[in-house]
1. Give the shape of segment D:137-181 as rounded, prolate or oblate, defined through the alpha-carbon gyration tensor: a ≥ b ≥ c are the square roots of its eigenvalues, a/c under 1.5 means rounded, and otherwise the shape is prolate if a/b is larger than b/c and oblate if not.
2. If you put a point 7 Å past Cα along the Cβ direction, how far is that point for D:Ala33 from the same point in each other copy, in nm, smallest first?
3. Roughly how big is segment B:97-193's charge dipole about its Cα centre, with Cβ charges of +1 (Lys, Arg) and -1 (Asp, Glu), in debye to the nearest 20?
4. Calculate the spin-label point distance for A:Val114 paired with D:Ser24, positioning each point 7 Å from the Cα along the beta-carbon direction, and give it in nanometres.
5. How many nanometers, to one decimal and shortest first, lie between the label point of A:Val46 and those of its other copies, if labels sit 7 Å from Cα toward Cβ?
6. Beyond a 21 Å Cα-Cα separation, which of these cross-linked pairs lie in this structure: B:Lys109/D:Lys68; B:Lys109/D:Lys55; C:Lys15/C:Lys55?
7. Below 14 angstrom from the Cβ of A:Lys15, what's the summed charge of the other residues (Lys, Arg +1; Asp, Glu -1)?
8. Please give the net charge around C:Arg69, taking every other residue with its beta carbon less than 14 angstrom from that of C:Arg69, where Lys and Arg add +1 and Asp and Glu add -1.
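Each value in this text was obtained by applying a stated rule to the coordinates, not by laboratory testing. Computed from a predicted model, the values in this text were never measured in an experiment. Glycine gets a Cβ as well: all are built from the backbone with ideal geometry, and neighbour counts include every protein chain shown.
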There are 4 protein chains.
Amino acid sequence: MLGTSGNFSAVVSRKPLRLAITSSSLPKGTLRASDILECDEEGRVVTKVKGTKAKPSAETLLHIEIVKRRGAGAVLHTHSVWSTMLSDAWPSGHGDGSVLAIEGYEMLKGLAGVTSHEHRELIPIVDNDQDMPRLARRVGETLERHPAAHAFLLRRHGLYTWGDTLADAERHIEILEFLFETIGRTQGGPSWR
Amino acid sequence: MLGTSGNFSAVVSRKPLRLAITSSSLPKGTLRASDILECDEEGRVVTKVKGTKAKPSAETLLHIEIVKRRGAGAVLHTHSVWSTMLSDAWPSGHGDGSVLAIEGYEMLKGLAGVTSHEHRELIPIVDNDQDMPRLARRVGETLERHPAAHAFLLRRHGLYTWGDTLADAERHIEILEFLFETIGRTQGGPSWR
Amino acid sequence: MLGTSGNFSAVVSRKPLRLAITSSSLPKGTLRASDILECDEEGRVVTKVKGTKAKPSAETLLHIEIVKRRGAGAVLHTHSVWSTMLSDAWPSGHGDGSVLAIEGYEMLKGLAGVTSHEHRELIPIVDNDQDMPRLARRVGETLERHPAAHAFLLRRHGLYTWGDTLADAERHIEILEFLFETIGRTQGGPSWR
Amino acid sequence: MLGTSGNFSAVVSRKPLRLAITSSSLPKGTLRASDILECDEEGRVVTKVKGTKAKPSAETLLHIEIVKRRGAGAVLHTHSVWSTMLSDAWPSGHGDGSVLAIEGYEMLKGLAGVTSHEHRELIPIVDNDQDMPRLARRVGETLERHPAAHAFLLRRHGLYTWGDTLADAERHIEILEFLFETIGRTQGGPSWR
């Protein structure tokens with residue numbers, strides 16, 4: 001997690017929905033208990049470590065959208081050079097700028113439910129927005145349009161993925177970052193280096 | 001080892017053949033004793049730590065094929081960005097897509113039996129397949145056609161190498177990954193970045 | 001910090017100005033107390049650990065210029081491959097060789113005072129010079145011409161940034177290095193690889 | 001040090017010349033006392049830890065050549081991807097294939113005796129050879145032709161540098177590797193990626 005970017009969450013209970021999420025300014029190094037907050041499905045804080053002034057991640061509404069639409073147990077958001085690059089310029093033969101398509105790689109088998117390299121994974125790309133309720137709606141519509149997607153990219157921002165557990169989400173991040181780098185290096189956009 | 005990919009094995013005894021191999025879901029971080037299983041030459045588990053539900057690596061039959069045909073003491077399989085790239089598009093002057101040719105590098109001297117940089121190493125590229133018995137046969141035929149090869153690539157999958165010991169196999173991995181990156185950066189395929 | 005390059009400082013007091021700065025030969029590994037010196041606003045050492053022969057960083061005058069003009073609490077200077085590259089050849093669409101322009105990235109939000117990805121950050125590029133008083137004057141004029149800049153590049157040398165605290169300056173370094181690599185890889189100069 | 005490649009030495013005494021050098025098979029991880037051997041100026045072992053079968057590095061004669069011609073106190077030889085690449089194809093504007101020229105970078109100031117970025121460093125490139133006495137002669141002639149050089153490259157092999165101490169040699173390696181990567185990325189040969 002670089003420069004206070006990135007965040008992650010885990011579902012504590014489903015009815016009512018309670019989500020444990022990292023606070024808005026992630027400290028470098030080890031997280032402490034006061035860096036995790038518990039929110040309801042509107043993104044409002046319901047449990048706070050005494051005395052802390054921390055606020056939940058600005059992107060809490062995106063986590064909630066993902067948890068509700070996908071039944072995810074955990075959500076992970078990271079920024080990386082390769083995901084930022086691929087969110088912004090589509091490599092030829094890999095989509096049209098609103099969806100990144102990756103197929104044929106053994107690595108795809110680590111994505112939940114994927115059992116063969118002969119799988120075509122579509123990763124939708126969503127335009128970034130500072131208006132979180134509006135962005136959350138756009139994310140929700142995107143997830144609805146792509147029910148099989150394991151992840152989506154925010155343009156010039158980063159990668160969102162999820163899983164039943166945080167370990168599943170982490171595995172997805174590793175796999176997708178690996179594939180982004182492989183594709184970015186071999187078939188980048190026209191002006192890529 | 002990323003996203004549960006990669007695996008390795010070591011020969012415990014030759015007659016009968018007993019192979020210690022990593023289980024099918026490699027945990028991140030340190031391996032524990034219950035993550036290593038012992039198999040016979042059909043890939044069936046013969047020894048299991050009590051209470052474990054682990055299954056041997058899905059690619060056990062490939063390890064057995066290598067051990068039998070090359071008399072290897074250990075087999076190592078890894079996924080990396082550069083090996084995945086080079087398995088998929090042949091850099092000009094380095095083969096024809098079914099064999100990757102590397103020569104002239106001092107680093108080649110670390111491969112078993114190679115004593116000069118004036119050595120031409122041929123690394124065959126095998127198409128990936130989820131049908132393991134079929135893939136194992138294809139690997140066996142490939143190893144027969146290339147008796148001097150120290151390694152082979154599975155297309156869009158990764159690198160397999162071996163040695164008398166796991167340390168030898170590790171040294172081979174380091175050498176080949178180094179060479180893949182060097183070649184990939186200098187003489188990649190036409191659209192590479 | 002490679003090869004004794006790079007340096008950092010923190011303001012100990014403002015009136016009179018006292019700056020704690022790394023000595024001229026940064027030892028590899030952990031810094032010791034004798035590696036930090038205290039200087040006044042002319043760059044003269046005012047406090048020295050007994051017995052040390054250390055001299056303040058050769059670039060102390062640049063740190064002082066930044067502290068005075070920006071009211072910074074800490075200054076950080078690093079050398080990196082990507083910052084060196086971007087200081088030297090301007091990627092098309094990102095400035096004219098004397099200023100590097102970066103916009104549209106969520107990562108920009110970590111820069112002090114930046115609240116949206118729809119922000120255009122201008123990073124001036126200053127020609128390197130071994131004459132420190134002359135270079136300090138040039139840096140001062142550059143900071144005056146670009147009052148909103150969070151950093152500047154020294155051509156074929158490296159990156160200077162600052163913040164209220166060393167942690168803020170570190171966050172700026174992380175963000176800018178990330179953006180330099182992203183831009184360098186996607187839209188490098190005409191002959192870039 | 002990858003795959004048993006790379007080696008280093010330090011002068012123990014000058015008259016007679018005694019050189020402590022790493023043995024021919026560098027173990028991974030921490031070196032032990034039995035991994036360092038002492039040689040005379042013909043490269044013959046004069047002191048050996050009892051019971052060890054280790055042989056001195058195959059490249060001992062190159063170390064001796066450098067120590068004698070440059071009066072170096074330590075010699076360091078490494079293999080890296082960027083040094084291997086730059087030894088093999090000359091980037092335009094950086095020499096003619098037998099000498100690599102680097103100038104204008106602040107990083108050059110870490111090389112012994114260099115006090116300004118306005119310095120032109122010439123790094124000769126020597127063809128590799130398994131015949132060590134012959135290669136040592138070629139290295140000697142090259143060092144004579146380039147009395148100001150701080151290092152030389154062995155084609156498709158790696159980098160040799162030296163210094164008064166091992167720390168000086170290490171600093172040279174860091175500086176040169178940094179510059180190789182910077183140049184390799186910005187102005188590589190015609191087919192570079």
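1. oblate
2. 3.5, 3.5, 5.0
3. My answer is approximately 360 debye.
4. Output for this residue pair reads 4.8 nm.
5. Copy-to-copy label distances at A:Val46, shortest first: 5.6, 5.6, 7.9 nm.
6. B:Lys109/D:Lys68; C:Lys15/C:Lys55
7. Here the charged neighbours net out to +1.
8. +2
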